[in-house]
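Report on the following structure.
What follows draws every value from the coordinates through simple rules; no lab data is involved. Bear in mind the structure is a predicted one, so any value in this text is a computation, not a measurement. Glycine gets a Cβ as well: all are built from the backbone with ideal geometry, and neighbour counts include every protein chain shown.
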Amino acid sequence: MDAETATRYRASRVVPEAEELHRLLVDAGFHGVQMCPHVMTIRLPPVEAFVLCHLAATPVAGTVAALREEQRATLAAQVGRALQPYAAGEGVEVPDEANIAMAHT
């Protein structure tokens, strides 16, 4: 995949930092805004079993679908190598975090 495709994929994962999210909520008229950062571990099956199906449900689905079979296999192998540090048992465990906001109008 090229840089443009990677940027489109990452766009679905871009979220504001806690301070920016707090400001956006206050600017939108919410009161008593509280931010609760939450760290979690996402457990995934073996990369070969999920990566292409996962990508088919993202903004890069068309690009992945247009690849030849051997290109898709190469992509899955590259993702597998990139996720190797997160290997756990048969699958992978990837850290993720989110900012949960609580507020009232």
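Key figures for this structure:
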{"quantity": "Subset tally (residues that are of a type in the set (A, V, I, L, M), in a strand (DSSP E or B) and either farther than 23 Å from GLN78 by Cβ or free of Cβ contacts under 8 Å to residues at least 24 places away in the same chain (or both)) for the stretch 1-49", "calculated": "4"}
{"quantity": "Count - residues of the stretch 55-64 that are under 27 Å from GLU90 (Cα atoms) and either assigned to a strand (DSSP E or B) or in contact with a helix residue (DSSP H, G or I) (Cβ under 9 Å, 6 or more places away or on another chain) (or both)", "calculated": "6"}
{"quantity": "Top-ranked residue of the stretch 83-105 - restricted to ones that are free of Cβ contacts under 8 Å to residues at least 40 places away in the same chain and surrounded by 11 or more Cβ atoms within 10 Å (Cβ to Cβ), ranked as nearest to the chain's Cα centre (by Cα)", "calculated": "LEU83"}
